[in-house]
Amino acid sequence: MRMKTDQIVEQVISKFQQRSNVGIAKYGTTLFENNHDNYLLHLQEELQDATLYIEKIMTQNAEIIKLVKDTPNDIQLGEKIRNLVR
């Protein structure tokens, strides 16, 4: 019997591999080999960035919800949503 695979997991694995390749090309080393960086500081900075991205997405989501509630005409709604992403 063939084992099932999860396409979402496969996509994430692929993205990790791509990210690793970019890092190796950029820094000339692997994360495994690099023992001198301050990883807690890197993590803090990445989480700060992630928090900003979450806030941006939440703001966009609130704008879309408001547009959906306030715009009864689907054609006009589509135009307004399209303008948000331009």
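In table form, for the structure just shown:
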item	result
Dipole magnitude of the chain, debye to nearest 20 (Cβ charges: Lys/Arg +1, Asp/Glu -1, about Cα centre)	360
Helical contribution to [θ] at 222 nm, DSSP H n ≥ 4, -39,500 (n - 2.57), averaged over the chain, rounded to 500	-26000 deg cm²/dmol
Listed peptides 4-13, 54-63 by packing density, highest first (mean Cβ within 10 Å)	54-63, 4-13
In sequence order, calculated HN-Hα J values of the range 56-67 (Karplus, 6.51, -1.76, 1.60; Hz; x Gly/Pro)	4, 5, 5, 5, 4, 4, 4, 5, 5, 4, 4, 4
Cα convex hull of the range 38-86 - mean projected area over all directions, nm²	3.8
Under 29 Å from the Cα of LYS4 - lysines, other chains or at least 8 residues apart	LYS15
Global size of the chain as Cα Rg and Dmax, reported in angstrom	20.5, 58
14 Å Cα-Cα reach of LYS26 towards aspartates and glutamates, excluding residues that sit fewer than 8 places from it in its own chain	none
Efficiency of FRET from Cβ geometry, ILE57 and ASP6, R₀ 25 Å, rounded to 0.05	0.55
Hits among lysines - C-alpha to C-alpha of LYS66 under 29 Å, sequence gap 8 or more where chains match	LYS56, LYS80
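Values in this text are rule-based calculations from the coordinates and carry no lab data. Note that the structure is predicted; figures quoted are calculated from it, not measured. Methodologically, a virtual Cβ is constructed for each residue, glycine included, from the backbone with ideal geometry; neighbour enumeration extends over all protein chains shown.
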